[in-house]
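The values are calculated or read from the model by the stated rules, or taken from the named source; none is laboratory data. Note that the coordinates shown come from a computational prediction; the quantities given were computed from them, not determined experimentally. Virtual Cβ from ideal backbone geometry, glycine too; neighbours counted across all protein chains shown. In case anyone asks, the SASA skips ligands and DNA or RNA and just uses the protein heavy atoms, side chains included. Shrake-Rupley method; radii C 1.70, N 1.55, O 1.52, S 1.80 Å.
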Amino acid sequence: MSDVLLDWWDGHEVVALRKSWSVPAFEAYRSVGSTNDRARELAAEGRGVWSTVVADEQTRGRGRRGTTWISEPGAGLWMSVLLDGGLTPTTVPLEVGLACAEAMEEMAEGIEVGIKWPNDLLLDGAKVGGVLCEAAGRRIVAGIGINVAGAPDPSVVAKADGLPPVSLQRALAKDMLRSRLAGVVLQRLRRRFKDPAPVGRGLDPETLDELQRRDVLLGEVIETEQAGVGRAAGIDASGALRLVTRDGAELRIVSGSVRSASGGVPDTGRA
Ligand code: BTN
């Protein structure tokens, strides 16, 4: 299906949502290849920071490291937001993940959202969402996928990162309006990126504490593509994952995928 632009999305007029969120541009699609690709086009057209694209369905939704992101119609918040390109690329995905975790918790009282380095959002050990940030000229595209409704197919999604999928509706046994969640995500993103640290300064202590509180890998024995097996020792100010190897060396993991070496799925790590 070719791209179908909507005037109304999730029960709201698109123009009204753009105004209430005060974003320079807002596009909602019934179907689009990838909201990240459309957001990249908006960046190339010179659209401002906070310009936002959502879609009911993506036909070529992407996850991290070339995986396919299944984006069934109406099943999730498939959203891309333009951020300032001057932000630190290694820490942006973590901060976007924090903003999403905060937004979900604001929307559904009592839940606790964990973060699995570098981009997974977890509810009770299952993947409820993910973040894919990509450079786009003078902007960064923050791509956000949150499973809102239904039951994502475990055989497809789990292959990608070893985590079983879950939706908010499944976990909470209640519905959530994607448009409301999108609005809260935008608010949280704005709050997080209000006073960005100069590139190279890294994450501030408050953000590091927040990440540590949500870090589902902390203290786990994990298997990394970059450096084999070790114990996860938290996330550093540059956004790298700290790994302590069996011989006690501390390494910084900056790329690749990581998973629990026990084969199990780490719990959210929060009481
Ligand atoms: C991951 O967990 O690997 C990241 C998933 C990111 C999916 C979102 S959905 C909106 C945006 N458009 C895409 O094609 N991908 C991101």
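Could you tell me which trypsin sites (Lys or Arg not before Pro) in the stretch 95-138 are loop residues by DSSP with no more than 14 other beta carbons within 10 angstrom of their beta carbon?
Working: sites: LYS116, LYS127, ARG138; in loops: ARG138.
Taking the stretch 95-138 and a limit of 14 other Cβ atoms within 10 Å, the loop trypsin sites (Lys or Arg not before Pro) found are ARG138.
Taking label positions 7 Å along the Cα-Cβ direction at both ARG213 and HIS12, the computed distance is 2.6 nm, reported to one decimal. If you take the square roots of the eigenvalues of the alpha-carbon gyration tensor of the stretch 1-157 and sort them as a ≥ b ≥ c, do you get rounded (a/c under 1.5), prolate (a/b over b/c) or oblate? It is rounded, given that a/c, with a ≥ b ≥ c, falls under 1.5. Close Lys pairs in the chain, defined as Cα atoms under 24 Å apart and 8 or more places apart or on different chains, number 5.
If you sort the three axes of the alpha carbon gyration tensor as a ≥ b ≥ c, you get a/c of 1.5 or more for the stretch 1-41 and a/b no higher than b/c, which makes it oblate. Backbone phi angles across the stretch 192-208, fed through the Karplus curve with coefficients 6.51, -1.76 and 1.60 (θ = phi - 60°), yield HN-Hα couplings of 5, 9, 5, 10, x, 6, x, 4, x, 6, x, 6, 7, x, 5, 5, 4 Hz in residue order; Gly and Pro are listed as x. Sorting the Cα pairs of the stretch 75-223 by distance into bins of 5 Å, from 0 upward, gives 2, 9, 19, 24, 20, 15, 8, 3, 0 percent per bin.
When only Cα pairs below 8 angstrom with a gap of at least 6 residues are kept, the stretch 113-235 shows a relative contact order of 19 percent. Close amide-amide hydrogen proximity is noted between GLY129 and LEU121, ASN147, each under 5 Å apart and 5 or more residues distant or on a separate chain (H modeled in the peptide plane; Pro and chain starts excluded).
Over the stretch 5-64, what is the relative contact order in whole percent, taking alpha-carbon pairs under 8 Å and six or more residues apart? Display every interim value, and only then the final one.
Values: 87 pairs, mean separation 21.8, N = 60.
About 36 percent, as a whole number.
The modelled label-to-label distance for the pair ASP247/VAL221, using points 7 Å beyond Cα in the direction of Cβ, is 1.9 nm. Which longest run of the chain has no exposed loop site in it, a site being GluC sites (Glu not before Pro) in a DSSP loop with at most 11 other beta carbons within 10 Å, and the site itself not part of the run? Here the longest segment lacking exposed loop sites spans 110-271.
Ligands, DNA and RNA left out, the accessible area of the stretch 92-233 computed with a 1.4 Å probe is 46% carbon and sulfur. Across PRO152, PRO118, PRO196, mean-square fluctuation computed from a Gaussian network of the chain (C-alpha pairs under 10 Å connected) peaks at PRO196. With contacts taken as Cα pairs under 8 Å at a separation of at least 6 residues, the chain carries a relative contact order of 16 percent.
With kT/(6 pi eta Rh) evaluated at 20 °C and eta = 1.002 mPa s, and Rh the Kirkwood radius from Cα pairs, the chain diffuses with a coefficient of 115 µm²/s according to Stokes-Einstein.
I'd like the trypsin sites (Lys or Arg not before Pro) in the stretch 1-79 restricted to DSSP loop residues with at most 13 other Cβ atoms within 10 Å, sorted by number. Intermediate values should be presented prior to the final figure.
Values: sites: ARG18, LYS19, ARG30, ARG38, ARG40, ARG47, ARG60, ARG62, ARG64, ARG65; in loops: ARG47, ARG60.
Answer by residue number: ARG60.
In order along the stretch 229-234, the phi-based Karplus estimate (6.51 cos²θ - 1.76 cosθ + 1.60, θ = phi - 60°) of 3J(HN,Hα) comes to 8, x, 9, 6, 10, x Hz; Gly and Pro are listed as x. Within the stretch 165-257, the trypsin sites (Lys or Arg not before Pro) that combine a DSSP coil assignment with at most 14 other C-beta atoms in a 10 angstrom radius are LYS174, LYS194, ARG201, ARG246.
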